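To start, the structure under review is shown below, and the notes come after it.
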Amino acid sequence: MNRGIVGAIDGKTICALSTAAGMGGIAVVRVSGPDALRIASAVFSKDLTEVASHRAVFGKFQRDGETLDECLATVFRAPGTFTGEDTVEFGLHGSPFIQSESVRWLIDAGCRHAGPGEFTSRAFLNGKLDLTQAEAVGDLIAAEHEGAHRLAMTQLRGDFAKEIQALRAQLIEFAGLLELELDFAEEDVEFADRKRFDDLLSALLHRIGGLALSFKHGNAIRDGIPVAIVGAPNRGKSTLLNALLGDERAIVSATAGTTRDTVEDTCIAGGYKFRFIDTAGLRDATDEIESEGIRRALQKARSAAIVLYVFDASCDTVQDVELALTSLEALPDTEVVVVWNKVDVAEAPTQGSKKQFHLSAAQGIGIDQLNAWFIEWAKGRQDTDALMVTNLRHYEALRLAEEALNAARTGLANDVPGDLIASDVRQALHHLGNITGEVDPEDILDHIFSNFCIGK
Ligand SMILES: Nc1nc2c(ncn2[C@@H]2O[C@H](COP(=O)(O)OP(=O)(O)OP(=O)(O)O)[C@@H](O)[C@H]2O)c(=O)[nH]1
Ligand SMILES: [Mg+2]
């Protein structure tokens, strides 16, 4: 339920279970807000209102002589807390009954149940985090593997926000000069040096373009690097998928045209998540369903980060490879790899320009080398120092800022009046500001935090 709370803090003290629901060793119930210490004391055997910050007290979770559990209450005093408010965390035993009952008692004592992401949204509204960091908290919690975890940590450190703020700062300075000109419109003066402005716009566009481009890889690292397996029928694509997954996921048969739809599954290797996609064999299809399968295969190949183009060592030739790769029309940043399969029955011809692997999917020969290469490839893309955009919202904002800056640049080249250029620059500032939450972001906030789980 979205309580629509994130636009402002309603002055209420909130509570929620912060650990995962269900049976566990320990459950943490968090209370945050101006009355946190008083309300927490109402359900605890000891008075917490005088306890120093960052101190844990052992006692009983109780009311009216009834004891629910023995527990630890940790006190955090504002402003040095995650939310920026007074906070108490109860460490209780993790039974589902204690979890729900303790929250109910806290509500009876005056708390409101927290909305999704409300602890983190309060942290943002109290200036503890910028928006990108708040979103990183969500990503960190959702990270299933090392690659996604590392990306979330970079963002949580605030590196991305700093970069965006630096870009904005440069623009704001120039926007100021343009606005100044407007105040002196009668006099027809130019404070803003047009040449310097063009240089600045060009530098900003370069950087913003680079960040937007990193999205494809950043997103892939977070959600699974898409690896499409394509090729003519019967080359062993489904056999290769199964070998890579270590599972009989797709049907294998000697009949050409076995796979008609795309089949995909993920696996985690070397700290990265890969999304392997088996596709229908590419040929001049004889029926409607197969044609649709082939259309999907080509679409998957276009959106993949890596395309494994599978050939059969016993029947394909170097000319077949050349022809196939040309007609694939892969996007420039897609890594296309030639896979010679069935080397157990025939020797593969050597083919020059492309990266290639010789393997037997059926016999498991060469699969380890291919897997090792995937991991190396992923590592190469995730340069630890480089910033990566992983969030669609950030990507969109960057693209919109880019559009506005391009318009400003065109305006500049065509000598359009300063107020029009200033308006484009303001647009760009607005879009960049949306990323970190520096402009009035109420609707964006609601959207972001409603995707969180309660208790975060
Ligand atoms: N000898 C040998 N046979 C293989 C190898 N890989 C696959 N095959 C055989 O080749 C045939 C086709 O395999 P599939 O994996 O179904 O081929 P596909 O490319 O998915 O075929 P479609 O789905 O029809 O496009 C099957 O009979 C497999 O057993 C291999 O490495 N060596
Ligand atoms: Mg198949």
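The values are calculated or read from the model by the stated rules, or taken from the named source; none is laboratory data. Please read all numbers here as calculations on a predicted model, not as lab measurements. Note that each Cβ is placed from the backbone with ideal geometry, even for glycine, and that neighbours are counted across all protein chains shown.
Restricting to strands (runs of 3 or more DSSP E) lying wholly in the range 203-311: which have 3 or more residues that are within 12 Å of ligand 2 (Cβ to nearest atom)?
On the way: elements: 225-231, 263-269, 272-278.
In the range 203-311, the matching strands (runs of 3 or more DSSP E) lie at 225-231.
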Quiz item: Only one of (1) of a type in the set (Gly, Ala, Ser); (2) within 16 Å of ligand 2 (Cβ to nearest atom); (3) modelled with pLDDT under 95 is not met by Ala348, so which one is it?
Solution: (2)
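Select from the range 261-281 the residues that are under 28 Å from the mean Cα position of the chain (by Cα) and within 13 Å of ligand 1 (Cβ to nearest atom) and list them in ascending order. Walk me through how you get there before you give the answer.
Here is the first cut: in the range 261-281, the residues under 28 Å from the mean Cα position of the chain (by Cα) are 261-279.
Residues satisfying the conditions are Asp261, Thr262, Val263, Phe276, Ile277, Asp278, Thr279.
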Quiz item: If Ala297 passes every condition in (1) of a type outside the set (Ser, Thr, Tyr); (2) near ligand 1 (Cβ under 10 Å from one of its atoms); (3) surrounded by fewer than 16 Cβ atoms within 10 Å (Cβ to Cβ); (4) within 26 Å of the chain's Cα centre (by Cα) but one, which one does it miss?
Solution: (3)
Self-check item: Checklist (1) outside the structural domain of Phe44 (by TED's automatic domain parsing); (2) modelled with pLDDT of 95 or more applied to Thr81, failing item
Solution: (1)
Quiz item: Out of the range 434-456, which residues are modelled with pLDDT under 90 and in a helix (DSSP H, G or I)?
Solution: Asn434, Thr436, Glu442, Asp443, Ile444, Leu445, Asp446, His447, Ile448, Phe449, Ser450
Quiz item: Checking Ile367 against (1) buried (at least 20 other Cβ atoms within 10 Å of the Cβ); (2) touching a helix residue (DSSP H, G or I) at 6+ places or on another chain (Cβ under 7 Å); (3) not basic (Lys, Arg), which single condition isn't satisfied?
Solution: (1)
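Within the group Ala386, Ala361, Ala378, which residue is within 16 Å of ligand 2 (Cβ to nearest atom), within 35 Å of the chain's Cα centre (by Cα) and in contact (Cβ under 8 Å) with a residue 40 or more places away in the chain? Give the derivation first.
Working: Ala386 fails: within 16 Å of ligand 2 (Cβ to nearest atom); Ala378 fails: within 16 Å of ligand 2 (Cβ to nearest atom).
Only one candidate passes the filter, namely Ala361.
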Quiz item: Can you find even one residue in the range 213-225 that is under 24 Å from the mean Cα position of the chain (by Cα), crowded, with 18+ Cβ neighbours inside 10 Å and within 15 Å of ligand 1 (Cβ to nearest atom)?
Solution: no
Quiz item: Within the range 88-117, can you find the residues that are closer than 13 Å to Arg30 by Cα and of a type in the set (Ser, Thr, Tyr)?
Solution: Ser100, Ser102
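On the basis of being more than 18 Å from Ser327 (Cα to Cα) and aliphatic (A, V, I, L, M), does Ala297 make the cut? Walk me through how you get there before you give the answer.
Working: more than 18 Å from Ser327 (Cα to Cα): no; aliphatic (A, V, I, L, M): yes.
No; evaluated as a whole, the condition is false for this residue.
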Exercise. Take the range 364-375 and flag every residue that is in a loop (DSSP other than H, G, I, E, B) and touching a residue at least 40 places away in the same chain (Cβ under 8 Å).
Key: Gly364
Quiz prompt | Condition met for Thr266 (crowded, with 19+ Cβ neighbours inside 10 Å and either in contact (Cβ under 8 Å) with a residue 40 or more places away in the chain or within 30 Å of Glu292 (Cβ to Cβ) (or both)) | solution = no
Practice problem: Filter the range 303-317 for residues that are modelled with pLDDT of 90 or more and surrounded by fewer than 17 Cβ atoms within 10 Å (Cβ to Cβ) and give the result. | Solution: Ser314, Cys315, Thr317
Quiz item: Out of the range 232-260, which residues are under 30 Å from the mean Cα position of the chain (by Cα), surrounded by 13 or more Cβ atoms within 10 Å (Cβ to Cβ), over 19 Å from Trp373 (Cβ atoms) and more than 6 Å from ligand 1 (Cβ to nearest atom)?
Solution: Arg249, Ala250
Quiz item: Wholly within the range 102-202, which helices (runs of 4 or more DSSP H) include no fewer than the required count, namely at least 2 residues that are surrounded by fewer than 17 Cβ atoms within 10 Å (Cβ to Cβ) and among the aliphatic types (A, V, I, L, M)?
Solution: 131-142, 159-183
Quiz item: On the given criteria, is Pro332 modelled with pLDDT under 95, away from ligand 1 (no atom under 13 Å from the Cβ), over 22 Å from Ala256 (Cβ atoms) and not in a helix (DSSP H, G or I)?
Solution: yes
